[in-house]
Every structure is written in structure tokens, then in C-alpha cells.
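Notes follow once the structure below has been shown.
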Amino acid sequence: MSSSLRRGVLAAAAIAFSVTALSACAAGNNAQTLEVKPDNAETSVGGIRLQNVVVITQPTTQASGETKGPAVVSASVFNNTGTAQTLDAVRIEGGGSAEITPAKGKGRVTVPAHGSVLLGGKGNASAVVTEIGESVADGNAQKVTFTFSTTGDVSLRAFVVPADSYYTKWGPSAVPSAPQTSPKPTGSATPTGTATPSGSGTPTDAASASATATESAATH
């Protein structure tokens, strides 16, 4: 995919994501606004409906333009069945499995009967993939598989986008940098020895004897 085409895909994904996110916030699952299929990934299987699925990577590095992990999967998950289901796994093709964390507490993310769960964003449940493969590149449509306790696997293709502009608040936390430590000396600088004078400032025995002999000769 060319760079210009990829930029167009990212722009279209951002617009679709913002529109559908606002629609979901303003209306319920069965509202008419949600009947309009967005450009972003959406599918329904066995009463489970996935909408607005996006894989969000680290912000783009202007110098390299590389896609970097970790990445998060953002999605609206609706359960139209009469039984609560747990979200047991989220996998990105070429990127591995995500670590799923509920919005509060520990354990699995539960999608209540006739209810919904939002993945991604502050205060919501999260699905984080620590390492992503080279095949997961910004602008691509990557296969993402959600596994539910009753419905099983639900797969679709979702846009891969960097956490820039609108996606900043939905993207992964910044990768922590290695702490900088000040250099430590290898050892304390101690003197190799004290400087002592090579001799005292008094005349030596030989010098004293020579002076005595000179005085004796002078008296005679």
C-alpha cells in the first residue's frame, strides 16, 4: 500500500471512528443511529455484535514512520442474548494475544445480557498486545478475533492506526523509557603513598667531618 493511500485510509478511519463513537454514546444498542454501518470494522455473530473495532498502535515517529507496539484493540461490544458472556481472548493476526483487563477489579471482562462493554480509553476495559509483528502496520486492515464464553470466536478485519490526533485518548500508554543513572566511579581515588623528603635538612656525617678538619688546619 502506497504512503498516500495509507494516509487516506487512516483519515477515513478517524472520521468513521469519531462519528460512531458519538452515536454509541448518545443512543442505546437498538437505536436507529447504530443501524447505519460505519466504515470501521463491524460484525454480528450469535447475538454478539462488534462495532467500531480499531487496532491502535504507538504514536507515529516522524523520523522513522515505523509502527511500534504495544497496541490496543478498541471496540464496542454488544451482547444481544439473554445470558451474560465473558470476553475470554482477543487476538491480532500477526501480533499475538491481548492481555484483557476489566474496567474495575480483576478477572475477566463480562458483557452483561442485553448490555455492552467498551474496550479502550480511560476508565474502560482494555485489550493490550505487548508485542506486535512486522505484518501489523499502520494503514493495514488486520484480522482480529474475539473469543466469547458462549458464542465462541468472532472475527473481522480492523484498521491499524497510530495513536495520533483523535486516537490519542484511545491509544496505548506510552512505552516507559529506561531510567537514566548517573555514572559511578569504579573506585575511590586514593594517593599511592605520602610524599616524604629524601633526607633531613641537617648536614651529613661526612660533611661535618670535612668542616672540622678544615677548622683544625686553619688553627695550626
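The values are calculated or read from the model by the stated rules, or taken from the named source; none is laboratory data. Remember, it's a predicted structure, so these values are computed and weren't measured experimentally. Counting neighbours? That spans all protein chains shown, and the Cβs are built from the backbone with ideal geometry, glycine included.
Do the conditions hold for residue 116, that is, is it crowded, with 20+ Cβ neighbours inside 10 Å, part of a strand (DSSP E or B) and of a type in the set (Ser, Thr, Tyr)?
no
Quick one: which of 109, 90, 54, 77 is at pLDDT 90 or above, out of contact with any Phe, Trp or Tyr (no Cβ under 9 Å at 6 or more places or on another chain) and β-branched (Val, Ile, Thr)?
Every option except 109 fails the conditions.
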Selection status of residue 159, over 24 Å from residue 86 (Cβ atoms) and among the aromatic types (Phe, Trp, Tyr): yes
Only one of 2, 64, 97, 44 that is within 24 Å of residue 137 (Cβ to Cβ), among the polar types (S, T, N, Q) and at pLDDT 90 or above: 97
Residue that is surrounded by the most Cβ atoms within 10 Å (Cβ to Cβ), among those in the stretch 129-157 that are among the acidic types (Asp, Glu) and within 24 Å of residue 68 (Cβ to Cβ): 138
So which residues in the stretch 100-140 are free of Cβ contacts under 8 Å to residues at least 60 places away in the same chain and over 25 Å from residue 83 (Cβ atoms), if there are any at all? 121, 122, 123, 128, 133, 134, 135
